[in-house]
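Asker: Structure incoming, see below.
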Amino acid sequence: MMSLAIDDLGSLWIWGNCPPEDVPNEGEFSLVTTYTPTPVWDFHGHTVVKVACGNEHIVALVSAGETHEGGDLVCYAWGNNNHGQLGLGDTDFRATPQIIETFNTESSWKAYELACGAFHTSVLAYKKEEYSDSSKSVCWTFGLGDNGQLGHGTTKKGLLPEIVKGLRVNMWLLSVDCGLFHTSVVSSNGDVWSWGMENGLGLCPEASEDGDALAPRLITSNGQHGSNFPEPVQVACGAAHTVLVADNGYKLWSWGRGRSGVLGNGQVNDFFDPNLVLWPPLQEDFNVNGPETINIKKSDITNGEKSAVDITELEKKLVIMESYASILHGSIFGKPFDEEKDIPDGLKKSGSFDVGKEWEIMLESCDYDKLVQLEMFYRNALKGVKDKMIKEHHESSTSMP
């Protein structure tokens with residue numbers, strides 16, 4: 001319903017269908033449409049560090065003073081509160097930001113990450129006196145609990161923040177995110193836990209009778225590293241699917257509802273277990289021999305005939321060109337170059353090549369997966385060109401007398 005952004009000075013901006021300002025916190029809740037970004041003046045003189053929003057509510061981590069210094073963050077919430085998603089102990093909406101007392105300056109807990117589902121909220125926090133022990137943090141949830149998205153073992157709503165007790169103790173939680181009605185967290189050692197609506201999400205193998213996971217369930221990778229995911233970075237949730245960035249940012253896993261291909265594994269089916277996203281592979285994933293690996297044997301020419309193992313300079317260049325074509329083709333389409341299938345027909349038959357015409361023919365013959373790969377390549381290439389143009393413009397401007 002709304003969008004929020006934090007600028008480089010730590011100010012918060014909001015636009016879209018937003019909570020109304022200057023209205024009493026009673027009566028029926030409604031949203032007011034704002035067509036352009038508007039500053040949230042309540043935080044003037046403070047630094048906003050994190051923000052998240054649900055369907056009709058917002059939570060933010062804000063510095064207690066003017067700047068953010070270590071453990072001075074305070075958690076605020078405002079907007080609709082019909083399910084207790086603001087964590088203020090009641091169901092009255094708030095038109096302006098209010099401090100969640102569990103995470104105020106006097107609390108022994110410091111919040112460092114937060115996320116919102118449609119009508120529930122999750123906060124990661126640690127005890128201030130235990131910060132030196134970075135192996136301990138917990139997940140707090142509150143709000144709507146109909147599908148078990150709070151992880152407290154029931155379907156009751158929570159009006160105040162409560163620790164999710166089904167998670168392992170003595171672990172540091174790196175990241176949290178919420179779908180519409182489910183929640184996922186990942187720890188520093190690669191354990192991923194999810195709970196909430198199970199139908200179509202694949203959140204757990206042991207669901208309750210109505211198909212929802214009321215308590216955290218471990219999501220396993222079933223890979224060479226065991227049940228956990230190597231070098232996790234972040235977990236993110238769509239409405240009904242989950243994506244994990246791991247392997248120090250080099251690999252993506254996804255599971256849940258696969259409609260419209262959102263899982264990125266080339267299919268539209270639902271997946272109950274994590275599957276690798278078909279991300280463009282690195283160069284070493286291709287079985288390509290570079291010129292340095294070519295076995296060249298200098299043989300004497302006998303009776304005017306060249307030895308079968310002798311490779312001329314022209315042939316060396318052809319091998320280099322073939323290697324280059326394979327790497328380039330692979331970076332665009334996600335698989336090595338196939339001489340039989342990937343050389344345009346026009347080039348095969350006449351030796352000429354109409355770029356515009358062949359491009360149209362190639363697009364017509366592409367299936368959905370190839371088109372996705374093309375779009376990704378185009379976006380990355382365009383971003384690189386723009387970055388280079390900005391850099392060149394900046395350097396030329398600064399070098400002018």
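The values are calculated or read from the model by the stated rules, or taken from the named source; none is laboratory data. Here the structure is a predicted model, which is why all the values come from computation and not from measurement. Quick reminder, even Gly has a Cβ in these numbers, built from the backbone with ideal geometry, and neighbours come from all protein chains shown. Surface areas here come from the heavy atoms of the whole protein model, side chains and all, with no ligands, DNA or RNA. Shrake-Rupley method; radii C 1.70, N 1.55, O 1.52, S 1.80 Å.
Asker: How far apart, in nm, are the 7 Å Cα→Cβ label points at Ala64 and Lys156?
Answerer: Label at Ala64, label at Lys156, 3.2 nm between them.
Asker: Quick one: which residues, 5 or more positions from Val51 or on another chain, have an amide H under 5 Å from its amide H? H modelled 1.01 Å from N in the peptide plane, none for Pro or chain starts.
Answerer: Leu61
Asker: Please report the carbon-and-sulfur percent of the accessible area for the range 1-101; probe 1.4 Å, protein heavy atoms only, DNA, RNA and ligands left out.
Answerer: 48
Asker: Classify the range 35-100 as rounded, prolate or oblate from the Cα gyration tensor: take a ≥ b ≥ c as the square roots of its eigenvalues, call it rounded if a/c is under 1.5, otherwise prolate when a/b beats b/c and oblate if not.
Answerer: oblate
Asker: If the chain between Glu358 and Leu314 were fully stretched, how many nm would it gain, using 0.36 nm times the residue separation less the Cα-Cα distance?
Answerer: Residue separation times 0.36 nm, minus the Cα-Cα distance, leaves 13.1 nm.
Asker: Something else: Tell me, in nm to one decimal, what length is gained between Asn269 and Asp92 on full extension, where the rule is 0.36 nm per residue of separation less the Cα-Cα distance?
Answerer: Answer, rounded to one decimal: 59.7 nm.
Asker: Further question: How big is the equivalent ellipsoid of the range 91-170 along its three axes, where each semi-axis is √(5λ) from the Cα gyration tensor, reported in whole Å from largest to smallest?
Answerer: 22, 18, 9
Asker: Want the number for Ser30 to Leu9: 0.36 nm per residue separation, take away the alpha-carbon distance, what's left?
Answerer: Separation in residues times 0.36 nm, less the Cα-Cα distance, equals 4.5 nm.
Asker: Rounded to the nearest 20 debye, what is the charge dipole size of the range 1-152 about its Cα centre when +1 sits on each Lys and Arg Cβ and -1 on each Asp and Glu Cβ?
Answerer: Charge dipole of the range 1-152: 380 debye, to the nearest 20.
Asker: What nm distance separates the two modelled labels at Asn189 and Ser108, each placed 7 Å from Cα along Cα→Cβ?
Answerer: Distance between label points: 2.4 nm.
Asker: Within 10 Å, count the other beta carbons around each residue, average over each peptide in 232-241, 152-161, and list them highest first.
Answerer: 232-241, 152-161
Asker: Assuming R0 = 22 Å, can you tell me the calculated FRET efficiency for the pair Lys136 and Tyr250, based on Cβ-Cβ distance, to the nearest 0.05?
Answerer: 0.20
Asker: Could you list the square roots of 5 times each eigenvalue of the Cα gyration tensor of the range 2-277, that is, the equivalent ellipsoid semi-axes, sorted largest first and rounded to whole Å?
Answerer: 30, 21, 18
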